[in-house]
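We did not get these values from a lab; they are worked out from the coordinates using the rules stated. Because the structure is predicted, anything quoted here is derived from the model rather than measured. Here the Cβ positions follow ideal geometry from the backbone for every residue, glycine too, while neighbour counts run over all protein chains shown.
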């Protein structure tokens, strides 16, 4: 049993400066619905394997070890005070792949990704330690925050549905069926009403994206869009960690300065995208905090930046990670937050939901039967989380903006961000905000006093 939390208080923790240490099973309880989701949705984490193989040229067995190490580092967030499920800087993956292809495969390309990741370490730590992260998040106008969130959602969905080159190509029925089930269970008002009258639907609602993943795994082989898995026994080969060292600074040496200089534009773009994740994380956690009055939730962008920087530092040294280590997996965080809103009986603490999800995902990623069973559905798993992210980003962004001016700025900024990239999106948002302004910032002349009626 975890330490009991008084109603309305913050979940118990051990103070460590900006960090708030919460140990599994002591400071938060095990949440089975999130744990089961983590065991299946490890497919999403494993979806990064093709990225590692393409960028670094590592074998599949080595890529599995990289995923396992990254999964272990996910625990740093819920255990040190960050009430989110961390992830990659997902929208930056196409930019990173295109950039790396400008370098020759082998040590040259490995140096490029190491330089990129270590540069991100400097940015994350600088923004967190100086406190600029929190100031920037609060300083950015609502219209631009909404534009970043909406743009990230549009980019996520476009990456799935683009004809011929999108992730959905060749798996249309699999992904559409899985997405429909995810949205039905997580966001449908009709389902919300129905589950109050049906015990089975009530239980089903606790598992977030898991039913959608199961449907995709069943529909795929039936439609011939994904193969039937071949089950392998045992655990991952940890000896491959030695092989992994050949793809790190210990194998190819520390990158020369030119790689860091050449990475600067991409570093800027990646942090702009990551900034959108900080904004989204703050919005999602605040929404959950408003619904639940029994627990006070604190999201600190400075702390989240520092933890993200530490993760990138570790991975950049021992396992250069193509998708980079970002502050938020939107699909997982939203799934946790939505069930958290069901009340304390459903989920005692948001830290328990995030911690159980991440710990179960890490454990599941160690076993070959799980990995081999999910291997065919890996691409679909990533697509489902991107589609859920798109839906959630759309309704959150639209709810944030209240005036026609804010909606216009947010919408046009989002289009630029999704179509032209993060730098263009940010520039468009700043320019539009300066041109259009915010309605309550425009001085309004006081109403004229009416003449007093004559006696």
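A few comments on the model shown:
- Gyration tensor verdict on region 182-323 (Cα atoms; rounded if a/c is under 1.5, prolate if a/b is larger than b/c, oblate otherwise): oblate
- Whole-Å semi-axes of region 1-102's equivalent ellipsoid (Cα gyration tensor): 34, 16, 12
- Using a Förster distance of 35 Å, the FRET efficiency for residue 427-residue 105 (Cβ separation, nearest 0.05): 0.60
- With each label modelled as a point 7 angstrom along the Cα→C-beta vector, the residue 6-residue 135 pair spans 3.5 nm.
- Rounded tilt (10° steps) of 404-420 against the dominant C-alpha axis of the chain: 20 degrees
- Antiparallel DSSP beta bridges within the chain, percent to nearest 5: 60 percent
- Theoretical FRET efficiency, 1/(1+(r/R0)^6), r = Cβ-Cβ of residue 436 and residue 395, R0 30 Å, to 0.05: 0.85
- Here the gap between residue 372 and residue 250, fully extended at 0.36 nm per residue and compared with their Cα-Cα distance, gives a gain of 40.9 nm.
- Rounded to the nearest 500, the 222 nm mean residue ellipticity of the chain from helices alone is -20500 deg cm²/dmol, with -39,500 (n - 2.57) taken per DSSP H run of at least 4 residues.
- With bins 5 Å wide beginning at 0, the percent of Cα pairs of region 300-433 falling in each bin runs 2, 8, 10, 15, 20, 18, 13, 9, 4, 1, 0.
- Spin-label pair residue 344/residue 61, simplified geometry with 7 Å Cα→Cβ offset, distance in nm: 5.1 nm
- For region 209-293: rounded, prolate or oblate by the Cα gyration tensor [a/c cutoff 1.5]: oblate
- Take the Cα radius of gyration of region 34-76 and divide it by 2.2 N^0.38 Å, N being the number of residues; the result is 1.20.
- Proportion of all alpha-carbon pairs of the chain beyond 37 Å (%): 24 percent
- Rg/Rh ratio calculated on Cα atoms of region 347-396 (Kirkwood radius): 1.08
- Virtual paramagnetic centre 7 Å along Cα→Cβ of residue 237, amide N under 16 Å, in region 30-66: 58-66
- Rounded to the nearest 10 degrees, the inclination of helix 378-400 to the longest alpha-carbon principal axis of the chain is 10 degrees.
- By the count of other C-beta atoms within 10 Å, a proxy for reagent exposure, 222, 371, 154 are ordered fewest to most as 222, 154, 371.
- Taking each residue as 0.36 nm, the span from residue 222 to residue 184 lengthens on full extension beyond its C-alpha to C-alpha distance by 11.5 nm.
- Fewest-first ordering of 233, 347 by other beta carbons within 10 Å of each residue's beta carbon gives 233, 347.
- Legend: ranking of residues 237, 277 from fewest to most surrounding C-beta atoms inside 10 Å; resulting order 237, 277.
- Spin-label pair residue 158-residue 264: with each label point 7 Å from Cα along the Cα-Cβ axis, the two points sit 2.8 nm from one another.
- Overall dimensions of region 90-220 by Cα: Rg and Dmax, Å: 20.6, 60
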